[in-house]
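Asker: The structure follows.
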Amino acid sequence: MLIRLFTFAIHGKKGPRMVYGAVFLWLLSIQGVPAASLSPDRIKGDPDIPWQISADTVSYDASDTTYHARGNVIIEKQATRLSADAVAFNRVAMTALASGHVIMTAGKDVVTGDTVEFDLRRETGVIHNGGVFLAGNHFYIRGDRIEKTGEQSYHAKAASLTSCDGDEPDWAITARDIDVTIEGYGTAKHAVFRAADVPLLYTPYFVFPAKTKRQTGLLIPMPGYSSRQGATWDQAFFLAINDSSDATLYTRIMSQRGVKVGLEYRYKLTEDAFGTIMVDGLDDRKVDDGSTNATEEWGYTDDGYTRPNSDRYWLRAKIDQALPGDVTARLDLDIVSDQDYLTEFRDGSSGYTATNNYFLDTFDRDLDTSDDNTRTNQLNVNKTWTAYALNVDVLWYDNVIKRRWSDTDNTLQRMPRFTLASMKQSVLDSGLYWDVESEATYFYREDGNRGYRADFYPRAYYPMRWKHYLSVEPSAGWRQTVWRMDRWEDDDLDQNTSRGIYDFKLDVSTELSKIMSTPFKGIDRIRHSIKPRVTYTFIPDQDQSDLPYFTSKDRIDAANLLTYSLTNTFTARLDRSQPERPVKPELSFPSQLSGEPEDRERTDGAQAMLYDYTRFCRIYLEQSYDVDAARENKDEVLTDVYGELDFNLNRYLLVSADATYDTYDTRFSSHNVGVTVTDRSRNKLTLKHRYKTSSSESIRAALSLGLTDSLLLRGLYERDLLDDENIERGGGFVYKAQCWTFGLFYVKEDNDEKYNFLINFNGIGGFGG
């Protein structure tokens, strides 16, 4: 008997579709052909043979042009696979019927049912007593009858929808009718929300998102409570304008303060042209009008000013723009109505904390702190060459208190400022090097002195090296500064004046290092480098009392200092040529350095390709000896010892500290210590201690503790140790199951108590934050 096997493809206009978009089929010309006669090795992934079939028997009914495959039917191509007990295909009508334990997969999407009907031309079908799993949204739709009504739309009767795995989901929405459009919305009529099959909530009509891409629509609301704001409700609406821009409209309803509305606009034209503009405000119901009750309840008493304004707002923006000629421009705006706005509205989707984090992540530039009364606004235009860099700035420092509440405003502005700086470069082949810093600025203020200042500061260097042991670099600078005053309140002084002052520096250093082998897995070598350094600085004493004063550059203090420092650096070399293997948490290091750092072991290019280098520890100590003070027989000729410690043991232990130690009083003048400890799970502890003699001392602790894989506890505590009072404290938890999340948080800060919670059902959304 001659047996012939034919295969062909039925192609749609757009290729394979989600779930039903996969087209399959076969042709066999012999009735009752046993499966053993078919190719046992079904071809996968070959575009010339798109679909392959195997079955116990295959027959053809010529009267109705229908092929019948029975017994362990499998039809597949690449990521699409259909298995059933029986499949009938009408090649004229382009319809198919699969019955008996039907399972069809297309990528990660899955269709199951007792019987499944296909219309291949219309890309529609009906599933009987089955379900659809949509992997993109992690949706399970189950029902007695589920229809695929379009390319990405479904309709189900007497159905349920959930994002929970398993036959007994934690939650589900049951409804008389459910319609879902992928990358659109879903609706449910006469819907009941069930938790563990217990009915909790009925609604005649329910709408939920069914999107995996950015689209216009409401975002998750965030309810909460604050003793200063009352019950709060944050609701945001996202608008997808086009592929390069979008916007978000924010509304924060506060039962005691009113309604705060805001708008955020974002665009990205290219990698070098993007920006964000945000604005929000409200008509505040509660103000500090100077009365005792109003000040105690709604005011802040740290600066002695009342807050009678009800018009409150905040405008902020950051823009990066590439210009012709390799010129870049950056704009930073930060204009606020009053000194308390950013503290009052620090939380929420459009609050200070969320905004600052967004700016830092997107633009690598943050905002001034929320309690800073002077806000920085700047336009910078930059042009960089190989050896030079030019910056043109307009700097406007908005002092909120002086602008709004004071009779005079002497805030100093720079409008504009030009700076031109050069890299250190050689003078022919003489061994002499030079660089220069120059600046021209117009200083403007509403009240007080105004004028121009030009500063030109060239410097010459003559580096020398004795073998490989000692580096010596003498250098000398000559600073020339001129002023021209527009307005000078002291009429006895010259409107035009200048200053010339020189300085001398001698820098002597050496470096000792040792490369050590280690027993630690993944670490090939550790290099310990010790760099002692001695610097002598001399600046003559010069009378500058008759000169204008705008910034510290207008007064160059005399110096006759001998500064000595010691730097210890530890660098790990990680072997990339070895196969990956587990590394002990306490002995693994992040790869942070690229290229060849100064403290890297010298290798040839081929060998360097086999290794990663990372500096995981740096210890720096410095102190100065005042020669003039010693000559005058002063009691204190030594400055405080200054030290820094940076220790980075991958993500498991981070230590960052700096301190100054008074050797005469034998105590620390100041120190800042930050320690972060984490483990392979979600446990994280952060401790920060800040201290400055007779000025401030505080401690802050933040803890995230994963008691189980699902339960995470959070705690926060900050205390002013000098005034012996709490600054901030709070805590809460987050419970995250496979298909839902619930969290509750409490924070008490100053005279404000805040409560927030979140609940989210994966796939359909939730509220809180």
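The values are calculated or read from the model by the stated rules, or taken from the named source; none is laboratory data. Note that the structure is a prediction, hence the values are computed from the model and not measured. So basically every Cβ, Gly included, is an ideal-geometry build from the backbone, and we count neighbours across all protein chains shown. Heads up: the accessible areas ignore ligands, DNA and RNA and are worked out on the full protein's heavy atoms, side chains in. Shrake-Rupley method; radii C 1.70, N 1.55, O 1.52, S 1.80 Å.
Asker: Taking only the alpha-carbon atoms of the stretch 514-561, what semi-axes of the equivalent ellipsoid follow from 5 times the gyration tensor eigenvalues under a square root, in whole Å, largest first?
Answerer: Values: eigenvalues 503, 44, 3 Å².
With the √(5λ) rule applied to the stretch 514-561, the semi-axes are 50, 15, 4 Å.
Asker: Hey, another quick one. Using C-alpha positions alone, give me the convex hull volume of the stretch 339-428 per residue in cubic angstrom. Show your work: numbers first, answer last.
Answerer: Details: hull volume 11.4 nm³, N = 90.
With only Cα atoms used, the stretch 339-428 gives 127 Å³ per residue.
Asker: Let me ask something else about it. Report, in debye and to the nearest 20, how large the dipole of the chain comes out about its Cα centre when Lys and Arg carry +1 and Asp and Glu carry -1 on their Cβ.
Answerer: Details: 90 positive and 115 negative charges, 728 e Å.
Dipole magnitude for the chain comes out near 3500 debye.
Asker: Identify, among VAL110, TYR67, ALA558, the residue whose Cα sits farthest towards the positive end of the charge dipole of the chain, taking +1 on the Cβ of Lys and Arg and -1 on the Cβ of Asp and Glu, with the dipole about the Cα centre.
Answerer: About the Cα centre, the residue reaching furthest to the positive side is TYR67.
Asker: Still on this structure, I have one more. For ASP543 and ASN242, compute 0.36 nm times the residue count separating them, minus their Cα-Cα distance, and round to one decimal in nm. Provide the component values of the computation, followed by the final result.
Answerer: Values: separation 301, 0.36 × 301 = 108.36 nm, distance 6.25 nm.
The ASP543-ASN242 span can extend by a further 102.1 nm.
Asker: Roughly how big is the stretch 645-769's charge dipole about its Cα centre, with Cβ charges of +1 (Lys, Arg) and -1 (Asp, Glu), in debye to the nearest 20? The partial results should precede the final answer.
Answerer: Details: 15 positive and 17 negative charges, 148 e Å.
Using Cβ point charges on Lys, Arg, Asp and Glu, the stretch 645-769 gives about 700 debye.
Asker: For a Förster distance of 35 Å, can you work out the FRET efficiency between the beta-carbons of GLN738 and THR115, rounded to the nearest 0.05?
Answerer: Numbers: r = 30 Å, r/R0 = 0.86.
Calculated value: 0.70.
Asker: In addition: How large is the helix-only mean residue ellipticity at 222 nm for the chain, computed as the sum of -39500 (n - 2.57) over DSSP H runs with n ≥ 4, divided by its residue count, in deg cm²/dmol to the nearest 500? List each step's numbers first, then the result.
Answerer: On the way: 6 runs with 37 residues, N = 769.
After summing the helix terms and dividing by the residues of the chain, the value is -1000 deg cm²/dmol.
Asker: In cubic angstrom, how much convex hull volume per residue do the alpha carbon atoms of the stretch 629-730 span? Walk me through the numbers on the way to the answer.
Answerer: Numbers: hull volume 10.0 nm³, N = 102.
With only Cα atoms used, the stretch 629-730 gives 98 Å³ per residue.
Asker: Let me ask something else. When only alpha-carbon atoms are used, what values of Rg and Dmax, in angstrom, describe the stretch 65-126?
Answerer: Gyration radius and largest Cα-Cα distance of the stretch 65-126: 11.0, 33 Å.
Asker: Quick one: if the Förster radius is 25 Å, what FRET efficiency do SER426 and LYS383 give, using the C-beta to C-beta distance and rounding to 0.05?
Answerer: On the way: r = 23 Å, r/R0 = 0.93.
The formula returns an efficiency of 0.60 here.
Asker: Test of understanding: what is the full-extension gain from ASN129 to SER406, defined as 0.36 nm times their sequence separation minus their Cα-Cα distance?
Answerer: Taking 0.36 nm per residue and subtracting the Cα distance, the gain is 92.2 nm.
Asker: Moving on. May I ask for the Kirkwood hydrodynamic radius of the chain, worked out over all distinct Cα pairs and given in angstroms to one decimal?
Answerer: In the chain this quantity evaluates to 33.6 Å.
Asker: Would you kindly state how much longer the chain becomes between LYS748 and ILE727 on full extension, computed as 0.36 nm times their sequence separation minus their alpha carbon distance, in nm to one decimal? Could the numbers behind the result be given before it?
Answerer: Numbers: separation 21, 0.36 × 21 = 7.56 nm, distance 0.83 nm.
Between LYS748 and ILE727, full extension yields 6.7 nm more.
Asker: So, R0 is 41 Å and r is the distance between the beta-carbons of SER656 and ALA476; what FRET efficiency does that work out to, to 0.05? All intermediate terms of the calculation are to be shown ahead of the outcome.
Answerer: Numbers: r = 36 Å, r/R0 = 0.87.
Computed FRET efficiency for SER656 and ALA476: 0.70.
Asker: While we're on this one: Considering only protein heavy atoms, what per residue accessible area in square angstrom results for the chain with a 1.4 angstrom probe?
Answerer: Numbers: 41070 Å² over 769 residues.
Value for the chain: 53 Å² per residue.
Asker: At a 1.4 Å probe radius, carbon and sulfur cover how many percent of the accessible area of the chain? It would help to have the intermediate numbers written out before the result.
Answerer: Working: 22240 of 41070 Å².
Of the solvent-accessible surface of the chain, carbon and sulfur hold 54 percent.
Asker: Contact order normalised by length for the chain, with contacts defined as Cα pairs under 8 Å and 6 or more residues apart; what percent is it?
Answerer: Details: 1936 pairs, mean separation 39.2, N = 769.
Relative CO of the chain lands at 5 percent.
Asker: Cysteines without a disulfide-compatible partner in the chain, using Cβ under 4.7 Å as the rule?
Answerer: By the Cβ distance rule, which asks for a partner under 4.7 Å, the isolated cysteines are CYS617.
Asker: Determine, for each peptide in 73-79, 656-662, the mean count of other beta carbons within 10 angstrom over its residues, then list the peptides with the highest first. Please list the in-between numbers first.
Answerer: Values: 73-79: 19.9, 656-662: 16.1.
Packing order, densest peptide first, comes out as 73-79, 656-662.
Asker: Looking at the stretch 298-401, which chymotrypsin sites (Phe, Trp or Tyr not before Pro) are in a loop (DSSP not H, G, I, E or B) and have at most 15 other Cβ atoms within 10 Å? Could you put the intermediate results ahead of the total?
Answerer: Working: sites: TRP298, TYR300, TYR305, TYR313, TRP314, TYR341, PHE345, TYR352, TYR358, PHE359, PHE363, TRP385, TYR388, TRP396, TYR397; in loops: TYR300, TYR305, PHE345, TRP385.
Sparse-neighbourhood loop chymotrypsin sites (Phe, Trp or Tyr not before Pro): TRP385.
Asker: Restrict the search to the stretch 502-553; then list the trypsin sites (Lys or Arg not before Pro) that DSSP places in a loop and that have at most 15 other Cβ atoms within 10 Å of their Cβ. It would help to have the intermediate numbers written out before the result.
Answerer: Numbers: sites: LYS505, LYS514, LYS521, ARG525, ARG527, ARG533, LYS553; in loops: LYS521.
Sparse-neighbourhood loop trypsin sites (Lys or Arg not before Pro): LYS521.
Asker: Sticking with this structure for a sec: Quick one: if you stick a label point 7 Å off each Cα along the C-beta vector at ARG700 and PHE520, how many nm between them?
Answerer: In this crude label model, ARG700 to PHE520 measures out at 2.9 nm.
Asker: Provide the descending list of Cα extents for the stretch 348-493 along its principal axes, expressed in whole angstroms.
Answerer: 63, 53, 28
Asker: Among 417-428, 171-182, what's the highest-first ranking by average C-beta atoms within 10 angstrom per residue? Walk me through the numbers before you get to the answer.
Answerer: Numbers: 417-428: 13.6, 171-182: 20.6.
Final packing ranking: 171-182, 417-428.
Asker: While we're on this one: 7 Å from Cα along Cα→Cβ at both ARG680 and ASP490: what's the point-to-point distance in nm?
Answerer: Spacing of the two 7 Å Cα→Cβ label points: 6.9 nm.
Asker: Can you tell me the 0 to 90 degree angle between the C-alpha axis of helix 352-363 and the longest principal axis of the chain, rounded to 10?
Answerer: Between the helix axis and the principal axis of the chain, the angle is about 90 degrees.
Asker: Right, another one. Which one of PHE616, THR248, THR518 is farthest out on the positive end of the charge dipole of the chain, using unit charges on Cβ (Lys, Arg +1; Asp, Glu -1) and the Cα centre as origin?
Answerer: Working it through, the farthest residue towards the positive pole turns out to be THR518.
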